[in-house]
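Trainee: What follows is a single structure, and I will ask about it in a moment.
Just so it is clear, none of the values below were taken in a lab; they were calculated from the coordinates. Keep in mind it's a predicted model, so treat the numbers as computed, not measured. Every residue, glycine as well, gets a Cβ built from its backbone with ideal geometry; the counts of neighbours run over all protein chains shown.
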Amino acid sequence: MLSKFHHFQEALQKREKEGTLRILSLKSEGIDFYSNDYLGLARSKDFHETLIKSVLENPQLLSGSTGSRLISGNSTVVIEAEKYIAKEHQYEDALLFSSGYNANLALFSTLPTRHDTIIVDEQIHRSVHDACKMSHAKKLKFRHNNPEHLEEILKRQNGHCYVAIESLYSMDGDMAPLKEIALIAEKYNASLIVDEAHAFGVFGYGLIDTLQLQQQVLATVVTYGKALGTHGAAVLTNPLIKSYLINFASPFIYSTSAHDFQWMSICKGYKFLKINSEHSTGLQENIKIFRDQNLESLSSKNSPIQAIIIPDNHQLKALKETLSENGFLTYAVFSPTVKEGTERLRICLHSFNTEEEILGLTKIIRDFI
Ligand SMILES: Cc1ncc(COP(=O)(O)O)c(C=O)c1O
């Protein structure tokens, strides 16, 4: 038994030695500079009350869905939610998933065939890489946010290409040159798919909506576990792609649908955002306070994710621990999750952080580096 799994033990010991062993711990008490709850909806009593009210009016929402949506798990709540979401984003149709991971897994494992090529930004989320492993298509990477390199690669391909990007990247906190990439994709007749997990809710309904690029994008993925403070994701697309996914996407077909509570909470989240715009204004004010402290950051100036490079796993761990001892919860991204030499402290700003908290955080970082 032991010898059979010796390599597992070795891999874990290696991580432990390098200080990168992952363990599950309970949420710590402290000032939140690490969660994706950018607008504070997950902690909003008003939002909770809205959800509780809906559940009290219709306790049935909490029932398990009882099956895949293709068997017993479909409902009017999810059908209506998809219609509502598609309309809000000015797309023809939408397909809901229980998570963003599953939405990406479905898209990239299903649409590209063995004759196609998936060209991904080198910093695309792991869910897309995992989907590519399930797909029979060839995968190529282009340099991060580099449209010229994307074009060079596209020029050399014969079959149909899918281009996968995020609009706001979760590791560097920088934005994709969306318009340029959309133009290049169009020029080479490639199909662009954009993951808006971190942009949705932070920049209105996301950057595709803000820039009105719906027509240039085959599918946009928005997720609800971050700025919306709930859970789930939608693929925004046209009826043909939706129907194809329903028919051929394993992560959609072979999984029990979420309960109606999840779909209801997503719709309530959209409505909550519409009437509570102070959350996104507050977030942008806090991002400005952080940026005004002039710490060297990789990230876009209005991004809620701010990455500070600390190019050494041990140094980074020490900084994270110092911050934690002072009550600041941040996230350290070690190599090999990111390239060696680009290890970073990842700070997530929120609408609910106070100026004093931001100044306290930045002072400790400045004193450390
Ligand atoms: C860019 C990106 N896409 C997709 C996902 C997956 O979304 P979810 O957490 O809803 O599964 C994440 C979450 O970390 C993400 O950062």
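Trainee: Counting pairs of alpha carbon atoms under 8 Å apart in space and at least six apart in sequence, what relative contact order in percent does the chain give? Intermediate results must be reported in sequence, preceding the final value.
Mentor: Working: 665 pairs, mean separation 86.1, N = 369.
It comes to 23 percent, rounded to a whole number.
Trainee: Check Ser65: other-chain or 5+ apart residues with amide H under 5 Å from its amide H, H built from backbone geometry?
Mentor: For Ser65, the qualifying residues are His259.
Trainee: Among Asn145, Met171, Tyr84, whose Cα lies farthest out toward the positive end of the dipole of segment 58-274, if unit charges sit on the beta carbon of Lys, Arg (+1) and Asp, Glu (-1)?
Mentor: The Cα lying farthest towards the positive end belongs to Tyr84.
Trainee: Right, something else. For segment 135-141, just list the computed ³J(HN,Hα) in residue order, Karplus coefficients 6.51, -1.76 and 1.60, θ = phi - 60°, integers in Hz, with x standing in for Gly and Pro.
Mentor: 8, 9, 7, 7, 10, 10, 10
Trainee: On to the next question. What order do you get for 237-243, 174-180 when each peptide is scored by the mean count of other beta carbon atoms within 10 Å, highest first? Kindly include the intermediate steps, with their values, before the conclusion.
Mentor: Details: 237-243: 16.1, 174-180: 17.9.
Final packing ranking: 174-180, 237-243.
Trainee: Continuing with the same structure: About the Cα centre of the chain, what is the dipole size in debye to 20, counting +1 per Lys and Arg Cβ and -1 per Asp and Glu Cβ, all else neutral? It would help to have the intermediate numbers written out before the result.
Mentor: Values: 38 positive and 43 negative charges, 192 e Å.
Rounded to the nearest 20 debye, it is 920 debye.
Trainee: What are the ³J(HN,Hα) values, in whole Hz, obtained from phi via the Karplus relation 6.51 cos²θ - 1.76 cosθ + 1.60 with θ = phi - 60°, for each residue of segment 17-25 in sequence order, with x given for Gly and Pro?
Mentor: 5, 7, x, 10, 5, 8, 10, 8, 10
Trainee: Same structure again: Provide, for q = 0.17 Å⁻¹, the log10 of I(q)/I(0) from a solvent-free Debye sum over equal Cα point scatterers in segment 58-274.
Mentor: Per q value, in the given order, log10 I(q)/I(0) is -1.17.
Trainee: Which one of Ser98, Ile124, Ser65 is farthest out on the positive end of the charge dipole of segment 54-166, using unit charges on Cβ (Lys, Arg +1; Asp, Glu -1) and the Cα centre as origin?
Mentor: Ranked along the dipole, the leading option is Ile124.
Trainee: Also: Can you tell which of Gln262, Leu192, Gly229 lies farthest toward the positive end of the dipole of segment 140-287, using +1 and -1 charges on the Cβ of basic and acidic side chains (Lys, Arg; Asp, Glu)?
Mentor: Working it through, the farthest residue towards the positive pole turns out to be Gln262.
Trainee: Here is a further query. Which whole-angstrom value gives the distance between the alpha carbon centres of segment 305-353 and segment 9-77?
Mentor: Here the answer is 22 Å between Cα centres.
Trainee: When a footprinting reagent is the concern and you count Cβ atoms within 10 Å, what order do Thr20, Thr337, Thr281 take, fewest first?
Mentor: Numbers: Thr20 17, Thr337 14, Thr281 11.
Neighbour counts put them in this order, fewest first: Thr281, Thr337, Thr20.
Trainee: Sequence gap at least 6, Cα distance under 8 Å: using those rules, report the relative contact order of segment 58-274 to the nearest whole percent.
Mentor: Numbers: 413 pairs, mean separation 65.0, N = 217.
Dividing the mean separation by the residue count of segment 58-274 yields 30 percent.
Trainee: If you project the alpha carbons of the chain onto their three principal axes, what span does each projection cover, largest first, in Å?
Mentor: Principal axes ranked by extent give 56, 55, 54 Å for the Cα atoms.
Trainee: Quick one: which residues, 5 or more positions from Tyr162 or on another chain, have an amide H under 5 Å from its amide H? H modelled 1.01 Å from N in the peptide plane, none for Pro or chain starts.
Mentor: Close amide H contacts, sequence-distant or interchain: Thr117, Ile118, Ile119, Ser191.
Trainee: Could I ask something else about it? For segment 195-247, count all C-alpha to C-alpha pairs, find those more than 17 Å apart, and express that count as a whole percent of the total.
Mentor: Values: 502 of 1378 pairs.
Result for the distance tail: 36 percent.
Trainee: If you don't mind, another one. Using the crude model of +1 on Lys and Arg Cβ and -1 on Asp and Glu Cβ, and no other charge, please compute the dipole size for segment 163-297 relative to its Cα centre, in debye to 20. If you can, show how the numbers build up before the last one.
Mentor: Values: 9 positive and 13 negative charges, 91 e Å.
So the dipole magnitude of segment 163-297 works out to roughly 440 debye.
Trainee: Something else: Quick one: what does P(r) look like for segment 217-369 with 5 Å bins over all Cα pairs, in whole %?
Mentor: 2, 8, 13, 15, 14, 13, 12, 12, 7, 4, 1, 0
Trainee: Taking the number of other C-beta atoms within 10 Å as the exposure measure, put Ile358, Ile208 in order starting with the fewest.
Mentor: Numbers: Ile358 22, Ile208 26.
Going from sparsest to densest Cβ surroundings: Ile358, Ile208.
Trainee: Follow-up question, since we're still on this one. With equal scatterers on the alpha carbons only and no solvent term, can you work out the Debye log10 of I(q)/I(0) for segment 26-114 at 0.11, 0.22 1/Å?
Mentor: Each listed q maps to, in turn, -0.52, -1.31.
Trainee: Using the crude model of +1 on Lys and Arg Cβ and -1 on Asp and Glu Cβ, and no other charge, please compute the dipole size for segment 58-274 relative to its Cα centre, in debye to 20.
Mentor: Values: 19 positive and 21 negative charges, 80 e Å.
Result for segment 58-274 is approximately 380 debye, rounded to the nearest 20.
Trainee: Where does the chain land at 222 nm, in deg cm²/dmol rounded to the nearest 500, when only DSSP H runs of n ≥ 4 count, each adding -39500 (n - 2.57), divided by all residues? Intermediate values should be presented prior to the final figure.
Mentor: Details: 14 runs with 153 residues, N = 369.
About -12500 deg cm²/dmol.
Trainee: If neighbour count is taken as other Cβ atoms inside 10 Å, put Met171, Met134 in order from fewest to most. Walk me through the numbers before you get to the answer.
Mentor: Details: Met171 19, Met134 13.
Least to most surrounded, the residues fall as Met134, Met171.
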